[in-house]
Amino acid sequence: MIGYTTLGTNDLEKARGFYDALFETVGAKRLMQMEEGFTGYGTEMGQPMLCITPPYDGEKAVPGNGTMTALQADSREQVDALHAKALELGAADEGAPGIREPEEMGFYAAYFRDLDGNKLCAFKVG
């Protein structure tokens with residue numbers, strides 16, 4: 001149902017470098033880049049994407065309070081790899097990889113904030 005999620009950035013080139021390197025970890029890449037800065041990442045066109053862009057109104061990009069984008073991983077090892085790579089690239093740790101409650105769901109997740117403070121979760125169910 002979700003086509004794409006957009007996160008604001010105040011330093012487009014720095015954000016592109018972060019996401020270029022982060023998404024290499026899971027086989028995703030930059031799929032589109034528009035002149036005004038809108039940049040989309042994913043595995044292929046027509047599939048859900050995560051996009052970054054400076055705000056259209058020209059104001060400062062700020063992360064939403066209570067807003068988070070969740071990235072579905074293929075394995076727990078991929079969750080670990082995404083979290084480790086994000087921290088290596090300068091992201092802030094918001095929760096180390098591990099099982100979250102209720103345990104019977106098998107929800108394995110890790111949380112981090114990108115260079116602009118946007119919160120992301122990498123997760124695997126089961």
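The values are calculated or read from the model by the stated rules, or taken from the named source; none is laboratory data. Only a predicted model underlies this, so the values are computations on that prediction, with no experimental measurement involved. Cβ placement follows ideal geometry from the backbone for every residue including glycine, while neighbour counts extend to all protein chains displayed.
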Pairs with Cβ under 6 Å, 6+ apart, first in the stretch 54-69 and closer than 24 Å to L82 by Cβ, second modelled with pLDDT of 95 or more and among the polar types (S, T, N, Q): A61/T9; A61/N10; P63/N118; T69/T5
Determine if the stretch 35-46 includes at least one residue that is under 18 Å from R113 (Cβ atoms), surrounded by fewer than 17 Cβ atoms within 10 Å (Cβ to Cβ) and modelled with pLDDT of 95 or more. no
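In the list M68, M49, M105, which residue meets the criterion of being closer than 25 Å to K124 by Cβ, surrounded by 15 or more Cβ atoms within 10 Å (Cβ to Cβ) and either in contact with a strand residue (DSSP E or B) (Cβ under 7 Å, 6 or more places away or on another chain) or at pLDDT 95 or above (or both)?
Numbers: M68 fails: surrounded by 15 or more Cβ atoms within 10 Å (Cβ to Cβ); M105 fails: surrounded by 15 or more Cβ atoms within 10 Å (Cβ to Cβ).
So the residue among M68, M49, M105 that is closer than 25 Å to K124 by Cβ, surrounded by 15 or more Cβ atoms within 10 Å (Cβ to Cβ) and either in contact with a strand residue (DSSP E or B) (Cβ under 7 Å, 6 or more places away or on another chain) or at pLDDT 95 or above (or both) is M49.
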Hey, K124 of a type in the set (K, R), surrounded by 19 or more Cβ atoms within 10 Å (Cβ to Cβ) and assigned to a strand (DSSP E or B) or not: yes
Answer yes or no as to whether Y19 is out of contact with any Cys (no Cβ under 8 Å at 6 or more places or on another chain) and either within 13 Å of L71 (Cα to Cα) or not hydrophobic (A, V, I, L, M, F, W, C) (or both). yes
Residue under evaluation R113, criteria (1) surrounded by 15 or more Cβ atoms within 10 Å (Cβ to Cβ); (2) of a type in the set (D, E, K, R); (3) over 14 Å from the mean Cα position of the chain (by Cα), criterion not met: (3)
